[in-house]
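These notes are about the structure you will find just below.
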Amino acid sequence: QVQLVESGGGLVQPGGSLRLSCAASRNVFSIAVMGWYRQAPGKQRELVATVTSGGSRNYADSVEGRFTISRDNAKNTLYLQMNSLKPEDTAVYYCNAKIAWVNYWGQGTQVTVSS
């Protein structure tokens, strides 16, 4: 079992930046694929970015070059740095830990990009 708690969401103007954090209740980075997903109103949850236990990163085409996923092993914390935000980035962002075939999710944090 692992608990995930996201923070850092909020309201930001187009072109602005936010950094999301996901605190894990224990160190799972060595055994899990960690990721960020998002869900906009009326849409399905979609992958934003993932990082494997070996450090390989993968991004959705829509955020490539603007978002960066990273982790701090000492703090058991996953991050998502979001730059050049667009209104279409508005969504609830969820932290995910995939350990073997089990998915763990945080409660989500709202990101709203609007002028």
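No value in this document is a laboratory result; all are computed from the given coordinates. Predicted, not measured: the structure shown is a model, and the values here were computed from it. Here the Cβ positions follow ideal geometry from the backbone for every residue, glycine too, while neighbour counts run over all protein chains shown.
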Averaged over every viewing direction, what's the projected area of the C-alpha convex hull for region 55-102? Give it in nm², one decimal, please. 4.5 nm²
For the chain, just the Cα atoms, rotate onto the principal axes and tell me the three extents in Å, largest first. 40, 26, 23
Note down the magnitude of the dipole of region 1-96 about its Cα centre, charges +1 on Lys and Arg C-beta and -1 on Asp and Glu C-beta and zero elsewhere, to the nearest 20 debye. 180 debye
Just to confirm a number: summing +1 for Lys and Arg and -1 for Asp and Glu over residues other than Y94 whose beta-carbon lies under 9 angstrom from that of Y94, what do you get? +1
Residue-count net charge about V33 - beta-carbon cut-off 12 Å; Lys, Arg +1, Asp, Glu -1: +3
With a cut-off of 8 Å between alpha carbons and a minimum separation of six or more residues, what is the relative contact order of the chain in percent? 37 percent
Which cross-chain or sequence-distant (5 or more) residues have an amide H under 5 Å from the amide H of G16, H modelled 1.01 Å from N in plane? L85
Farthest toward the dipole's positive end in the chain, which of T68, S7, W101, given Cβ charges of +1 (Lys, Arg) and -1 (Asp, Glu) about the Cα centre? W101
